[in-house]
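J.: Have a look at this one.
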Amino acid sequence: MKSKLFIMAALCAIAFKTNAQTEKGNFLLGGSVNFSTSKNESQNPEKKTAFGVLPRMGYFVSDNWAVGTSLNYSIAKSKGYLGTAGNVNFGTQQSNYGISPFVRHYTRIADNFKFFGDFNVSASKGIRKQVDEHGKAGNTTSKSTTYGTGISPGLAFFPAKKWAIEFQFPLVGYVHQKDTPEIAGQIPYKYDSLSFGFSSFSPAIGVNYHF
């Protein structure tokens, strides 16, 4: 009998702990970092590297409802190479920075686990530059402005009182981008895109601190 009471008390304590982390008046602070590198050894060798950081801060306006914003910075670079005739085939360096306000709702599904839905809007600026065969960035070839919105569900695991590990993926998103070339004679262009998670699966893992 005592052992059953102890187990019930422990389960209640775990449930209370996970609920307390998303109570009204709490803050969350965290984000995610990603890095990738690849190299193509075919006829046109390229080495590509990409790095991104996404700090995030939010406030729980009511139980399980948080509003906040994320800042983002990313850079992707492909090194140029020498052609068979000794000419330089330039690579590219694309850097982006922006802001993304969000609204998030949590739903408890099991001990230490909560499902969440995240709705966000975003605005960012980008710069594209040429990269020579030594990996040095040179002239700016274009600048871009991007606006978007999306829905990204995810799963939060609370291994400790104030920490959460998140797995999140974009379910649906819309992007509008305007690209302005910096090279004379080239024409600015705009494009719109609508993406779905089942056609381009790109999950992200992050860590949040709740206080």
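J.: Checking Asn89 against (1) out of contact with any Lys or Arg (no Cβ under 9 Å at 6 or more places or on another chain); (2) closer than 30 Å to Phe211 by Cα, only one condition comes out false. Which one?
T.: (2)
J.: Considering only residues that are open to solvent by 30 Å² or more (accessible area, probe 1.4 Å) and within 16 Å of Asn89 (Cα to Cα), which ones fall in the stretch 103-144?
T.: The answer is Arg128, Lys129, Gln130, Asp132, Glu133, His134, Lys136, Ala137, Gly138, Asn139, Thr140.
J.: Do you know which residues across the stretch 158-172 are more than 13 Å from the chain's Cα centre (by Cα), open to solvent by 70 Å² or more (accessible area, probe 1.4 Å) and of a type outside the set (A, V, I, L, M)?
T.: Lys161, Lys162, Trp163
J.: May I pose another question? Residues that are in contact with a strand residue (DSSP E or B) (Cβ under 9 Å, 6 or more places away or on another chain) and basic (Lys, Arg): which strands (runs of 3 or more DSSP E) entirely in the stretch 109-211 hold 1 or more of them?
T.: Ranges flagged: 113-131, 137-151, 172-181, 189-196.
J.: Identify, from the list Lys190, Lys125, Lys136, the residue that is in contact with a Gly (Cβ under 8 Å, 6 or more places away or on another chain) and without any contact (Cβ under 8 Å) to a residue 40 or more places away in the chain.
T.: Lys125
The values are calculated or read from the model by the stated rules, or taken from the named source; none is laboratory data. Just so we're clear, the structure is a prediction, and the values are computed from it rather than from any experiment. Every residue, glycine as well, gets a Cβ built from its backbone with ideal geometry; the counts of neighbours run over all protein chains shown. Side chains included, ligands, DNA and RNA excluded: accessible areas come from the protein's heavy atoms. Shrake-Rupley method; radii C 1.70, N 1.55, O 1.52, S 1.80 Å.
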